[in-house]
1. State the number of residues belonging to region 5-42 that are touching a residue at least 24 places away in the same chain (Cβ under 8 Å) and touching a strand residue (DSSP E or B) at 6+ places or on another chain (Cβ under 6 Å).
2. Can you name the residue in region 79-89 that is within 21 Å of residue 9 (Cβ to Cβ) and crowded, with 19+ Cβ neighbours inside 10 Å and is also farthest from the chain's Cα centre (by Cα) among such residues?
3. Anything in region 111-132 that is without any contact (Cβ under 8 Å) to a residue 60 or more places away in the chain and assigned to a strand (DSSP E or B)? List them, or say none.
4. Looking only at region 112-149, filter to residues that are over 20 Å from residue 78 (Cα atoms) and within 13 Å of the chain's Cα centre (by Cα); which one of those is surrounded by the most Cβ atoms within 10 Å (Cβ to Cβ)?
5. Can you list residue pairs whose Cβ atoms sit under 9 Å apart, with the first residue in region 158-169 being surrounded by fewer than 17 Cβ atoms within 10 Å (Cβ to Cβ) and the second being not in a strand (DSSP E or B)? Count only pairs 6 or more apart in sequence or on different chains.
6. Could you give every pair whose Cβ atoms fall below 8 Å, whose first residue belongs to region 88-99 and is in contact (Cβ under 8 Å) with a residue 60 or more places away in the chain, and whose second residue is in a strand (DSSP E or B) and surrounded by fewer than 17 Cβ atoms within 10 Å (Cβ to Cβ), counting only separations of at least 6 or pairs across chains?
7. Going through 97, 68 one at a time, which residue ends up being under 18 Å from residue 165 (Cβ atoms) and either out of contact with any helix residue (DSSP H, G or I) (no Cβ under 8 Å at 6 or more places or on another chain) or crowded, with 19+ Cβ neighbours inside 10 Å (or both)?
C-alpha cells in the first residue's frame, strides 16, 4: 500500500521596538519541511501510525514500535526506522504527558537511555529527519522498540495525539 507523507515546522516572529523617530523590526521566518515518497530508502517512508490516545491518572503505556501497533486499515506495523514523530498533549489536560524510555526494550535512539520529554497541556513535540537521511532513528526489535508515554500525575486522565512515520526496512 503506497504512502506519500510530509512533516513541517514553521516559526514566524517579529520583534519590534519603538525608537525616537521610527520603529525597529527584527523579523524571523524559519521553515523546515520534509516530504517522503513511498518506499524505504532516503526520502522515503512506507509506514504511518496515527491515534488519539488517553491515559488514566498516573498511568503509563509502552508503545511497541515493532509488531503491535495497527495502522488505519488494521495491518500490524513493524518499523525498522522512524523518519517523523509528532506528539501533542490535549489543551484540556490538567496533568502533563511524559514521553520517555521504557525500562525494558527502550527505544533510546531519540531520547537517549534515560531521557524524557514533558509536554504541558497544549504543548507539542515533533522530530523529522531530512529527506536525504536514509537511516532515520533505528528501531531494534526485542532490544530497542518500546516508546513509553505517561500521565505525570494523579486525579485526572490525559489525552494526546500521536503520529509516527517510518520505514519497514
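Any read-out appearing in this document is the output of simple, stated calculations on the displayed coordinates, not a laboratory observation. Note that the structure is a prediction, hence the values are computed from the model and not measured. Note: ideal-geometry Cβ built from the backbone for every residue, glycine included; neighbour counts use all protein chains shown.
1. Number satisfying all stated conditions: 12.
2. So the residue we want is 81.
3. Answer for region 111-132, where residues must be without any contact (Cβ under 8 Å) to a residue 60 or more places away in the chain and assigned to a strand (DSSP E or B): 116, 117, 118, 119, 124, 125, 127.
4. Looking only at region 112-149, we keep the residues that are over 20 Å from residue 78 (Cα atoms), and these are 112-126, 130-132.
Applying the additional criterion that residues be within 13 Å of the chain's Cα centre (by Cα) yields 116-119, 123-126.
Working: 116: 13, 117: 15, 118: 14, 119: 21, 123: 16, 124: 12, 125: 14, 126: 13.
Restricting to residues being over 20 Å from residue 78 (Cα atoms) and within 13 Å of the chain's Cα centre (by Cα), the top hit is 119.
5. If the second residue must be not in a strand (DSSP E or B), the pairs left are 161/90; 168/40; 168/46; 168/79; 168/80; 169/40; 169/46; 169/80.
6. If the second residue must be in a strand (DSSP E or B) and surrounded by fewer than 17 Cβ atoms within 10 Å (Cβ to Cβ), the pairs left are 88/124; 88/125; 88/161; 89/124; 90/161; 96/118; 97/118.
7. Details: 97 fails: under 18 Å from residue 165 (Cβ atoms).
Just one listed residue meets the conditions, 68.
Residues are listed down the side, and each one gets a yes or a no for (1) exposed (fewer than 10 other Cβ atoms within 10 Å of the Cβ); (2) within 15 Å of the chain's Cα centre (by Cα); (3) closer than 30 Å to residue 95 by Cβ:
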position: 3; (1), (2), (3): no, no, no
position: 14; (1), (2), (3): yes, no, no
position: 22; (1), (2), (3): yes, no, no
position: 25; (1), (2), (3): yes, no, no
position: 34; (1), (2), (3): no, yes, no
position: 40; (1), (2), (3): no, no, no
position: 46; (1), (2), (3): no, no, no
position: 51; (1), (2), (3): no, yes, yes
position: 63; (1), (2), (3): no, yes, yes
